[in-house]
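Below is one structure; the comments refer to it alone.
Read-outs throughout are calculated quantities, based only on the coordinates presented, and are distinct from any laboratory measurement. Bear in mind that the values here come from a model prediction, so they are computed numbers and not experimental data. As a convention, Cβ positions derive from the backbone with ideal geometry for all residues, glycine included, and neighbour counts pool all protein chains shown.
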Amino acid sequence: MALILALAACDGATPLIKPHPRQPGPFPAADRPVAHIVSPRWSTEEARDRVNEAGAVMDRAGLRPGMTVADIGAGEGYYTIRAAQRVGKTGRVLAEDIIPATRDALAERVTRERLENVSVRLGLPADPRLPAASFDRVLMVHMYHEIEQPYEFLWRLRPSLRPDGLVVVVDADRPTVQHGTPPALLKCEFAAVGYQQVSMQEMPSAGGYIAMFRAAGPRPEPKAIRGCRA
């Protein structure tokens, strides 16, 4: 498919940001390689719209007017812009990225397009820094394989969900070093931090699959989390 061949974010170019040496801490280390961030875009917006990528993802994720949505690893804002249109004036979108220049460029776009229901925030590699009990949906599109410390990241993400909130992951079914996440590994890492998989569906128009998770039960203590084998 032409869209898959246009993977500008996964083309092996010089990384925008390289993983830092892991510091000792209470969370287990990921037993998998981490893909470098090489671009703030996955493909061109025109190519993605031709196959209705965002529309299909938002339909399956159940995005509706009035919802509050977080777009994690927002990049140039492909999903941010379209989610803002979907949730409407009564909804909110928070776009997060960990690269300051990317965050600033997206903030300029949001201002230029007068998206009054969108705010932009700088996150940290292991902490999206989201407000608690705030989000109906958290979107993580073609970026999960770039998270260096997935257990800490998911642990810190959990409190941001509303009671019926869902984390929506879109990724490719291939090894993390090849800019994807095997579905079984994704399910295991989420489960280790107390998330329950709600659904997993193939989604060729988005380059792989879409998976959704909800928080289930108490959040485990960091030292109680058991890492998954890749």
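Starting from the Cα-Cα distance between Asp59 and Glu108, subtract it from 0.36 nm times their residue separation and give me the gain in nm to one decimal. Intermediate results must be reported in sequence, preceding the final value.
Working: separation 49, 0.36 × 49 = 17.64 nm, distance 2.75 nm.
Taking 0.36 nm per residue and subtracting the Cα distance, the gain is 14.9 nm.
Calculate, in whole percent, how much of the Cα-Cα pair population of segment 30-173 lies beyond 22 Å.
On the way: 3477 of 10296 pairs.
Value for segment 30-173: 34 percent of Cα pairs lie more than 22 Å apart.
What is the dipole size for segment 133-230, taken about its Cα centre, with +1 at each Lys and Arg Cβ and -1 at each Asp and Glu Cβ, in debye to the nearest 20?
Working: 11 positive and 10 negative charges, 67 e Å.
About 320 debye.
What does the helix-only formula give at 222 nm for the chain: each DSSP H stretch with n ≥ 4 adding -39500 (n - 2.57), the total divided by the residues, and the result rounded to the nearest 500 deg cm²/dmol? Each step should come with its number before you reach the end.
On the way: 7 runs with 60 residues, N = 230.
Estimated from H runs of four or more residues: -7000 deg cm²/dmol.
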Scan segment 53-103 for trypsin sites (Lys or Arg not before Pro) in coil per DSSP, keeping those whose Cβ has at most 14 other Cβ atoms within 10 Å, and list them by number. Lys89
Suppose we keep just the DSSP beta bridges with both residues in segment 45-221; what percent of those would be antiparallel, to 5? 40
In whole angstrom, the spacing between the Cα centers of segment 190-230 and segment 51-127 equals 22
Separation of the Ala101 and Glu116 label points, Cα + 7 Å toward Cβ, nm: 3.4
